[in-house]
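Throughout, read-outs are computed from the coordinates displayed, never taken from laboratory work. All figures in this text were calculated on a predicted structure; none of them were measured in a lab. Because the Cβ atoms are built from the backbone with ideal geometry, glycine has one as well, and the counts that use them run over all protein chains shown.
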Amino acid sequence: MNSTNPTTDQPKVQSPVLIYTEQTPNPESLKFVTNRMLYKGTADFRTEELAKQWSPLAEMLYTRAYVKSVYVCNNFVTITKELNYPWEEIMLKLKEDIKEYVSEGGVIVSDGFTEAMEKFEEEQGAGYQYSGDEAEIVKKIKELIETYVKPAVEMDGGNIEFKSWDEGTVTVTMQGACSGCPSSTVTLQAGIEGMLKRMVPEVKEVVSEMG
């Protein structure tokens, strides 16, 4: 008697890659959403050199003259285009590029990227250490950003990271669609700064720098 279980011996047939686009508050950035987990976390490739070092997917996209930057997070890729290319001329080409690459199982982000970026930030002076009352303030600020700000920003195809605290000033880094977005300053001041001031009285202002 053959005890082989045909349901377990057969190779799994993976569903086809599906991809659709979502607009972002930044008219120059478009979010390409897939039905696959591409990268658990955030990976911002604002230069072709960084892409060549750490992301074969981003490197491939950079071969297109109209690609200005590539941001990868969870199941989507946010692409910021060069100004002189309308989306209606390049959107379908980018969808096909991403769909074909993911379907073939290409590497999205190389191993060790997160650790390398953390080390880079420390070398650049971004790895601040706090103690006493400052440590408690920074902890509250980080928790608020993670809980209330990041999910909303991610839906718009971007990311926000706490960078530093200095005598009432919170500095954050904007990535993806939020980087260079005309409305990001308004969002920062009207939304994020207002909330942090209410929740953490020590906060006087929130300033941003591009990731």
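Numbers below:
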{"item": "Taking VAL70, VAL149 and counting other C-beta atoms within 10 Å, the order from fewest to most", "result": "VAL149, VAL70"}
{"item": "Partners for LYS204 among lysines (Cα-Cα distance below 19 Å; same-chain residues under 8 apart left out)", "result": "LYS139, LYS140, LYS142, LYS163"}
{"item": "Order of MET60, MET199 under a 10 Å beta carbon neighbour criterion, fewest first", "result": "MET199, MET60"}
{"item": "Cα pair distances of region 30-81 binned at 5 Å [whole percent]", "result": "5, 23, 34, 25, 11, 1"}
{"item": "Sum of side-chain charges, TYR85 neighbourhood, beta-carbon under 10 Å (Lys, Arg +1; Asp, Glu -1)", "result": "-1"}
{"item": "Order of SER55, SER15, SER69, SER103 - criterion: other Cβ atoms within 10 Å of each residue's Cβ, fewest first", "result": "SER15, SER103, SER55, SER69"}
{"item": "P(r), alpha carbons of region 15-114 - 5 Å bins starting at zero, rounded %", "result": "2, 13, 27, 28, 19, 8, 2, 0"}
{"item": "Spin-label zone in region 67-97 - amide nitrogen under 16 Å from a point set 7 Å from the Cα of LYS150 along the C-beta vector", "result": "72-76"}
{"item": "Sequence-distant aspartates and glutamates (8 or more away, or on other chains) whose Cα lies within less than 19 Å of LYS99", "result": "GLU22, GLU59, GLU88, GLU89"}
